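Asker: Can you read through this structure? Questions will come right after.
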Amino acid sequence: MRPRPGEVLHFSEDPHIERFEPHVAATAQQPEAYVWAVDSARAPDYWFPRQCPRAMAWVRPGTTAADRERICGPGGGDRVHAIEYGWLEALRTTRLYAYRFAADDFRPFREHAHVCEVTVVPLGPPEPVGDLVECHARAGIQLRLLPNLWAFWDAVIAGTMGFSGIRLRNALPRGDLR
């Protein structure tokens, strides 16, 4: 599930949102109130249950061949997403919805998102995203299950690949292999 040209998406487990009001997220690092959305390149970052911790890495200009091999592995494509085993059932069963918005109503925010500072109404009803594992497969994104995210995360951030970590505060503690 990706936005069409001229659109951005907001993903939610709630299929009943009629209007999006700017707010300051509990985890926000800035004081401004926003409505958040993503473009096509960053949509896969949100093909997960909302609270699921995930570590993601992708090849970008400047990524070394050694880092690509080290993180993605042989035949591993250009992007890998990792979650902990404890989140697999939620990944399989969560119903996720995509809300479409006109991209013109939003502005880029750093490298990872688009924001709007006024109330916005979706272009139509929310669309079910479908099977989240299948979304990854169709996009050619490696989906890894790990006992603990931290060793992978440490390897990713020490290299030359692009990366993002979302909800890492919900990951198991370092060294915990439950």
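Asker: Could you run the Karplus curve 6.51 cos²θ - 1.76 cosθ + 1.60 with θ = phi - 60° over the range 3-18 and give me ³J(HN,Hα) per residue in whole Hz, x for Gly and Pro?
Answerer: Karplus values, whole Hz, x for Gly and Pro: x, 7, x, x, 10, 10, 10, 10, 9, 8, 8, 9, x, 10, 7, 9.
Asker: Still on this structure, please answer the following. Given H placed on each backbone N at 1.01 Å, which residues far from residue 109 in sequence or on other chains put an amide H within less than 5 Å of it?
Answerer: The answer is 114, 115.
Asker: Based on other C-beta atoms within 10 Å, arrange 136, 112, 10 from fewest to most.
Answerer: Ascending Cβ contact count within 10 Å gives the list 112, 136, 10.
Asker: Sticking with this one: Over the chain, with a Gaussian network built from C-alpha contacts below 10 Å, which listed residue (124, 162, 76) shows the highest mean-square fluctuation?
Answerer: 124
Asker: Along the charge dipole of the chain, pointing to its positive end and built from +1/-1 on Cβ of Lys, Arg, Asp and Glu, which listed residue (86, 123, 74) has its Cα farthest out?
Answerer: 74
Asker: What number, rounded to the nearest 500 deg cm²/dmol, is the helix-based mean residue ellipticity at 222 nm of the chain, given -39500 (n - 2.57) per DSSP H run of at least four residues and division by all its residues?
Answerer: -4500 deg cm²/dmol
Asker: Within 10 Å of each residue's Cβ, count the other Cβ atoms and sort 141, 83, 17 from fewest upward.
Answerer: 17, 141, 83
The numbers here are math on the coordinates, done by the rules we state, and not lab data. Every value quoted in this text rests on a predicted model; they were computed, and no experiment measured them. Heads up, the Cβs are rebuilt from the backbone with ideal geometry, glycines too, and the neighbour counts pull from every protein chain shown.
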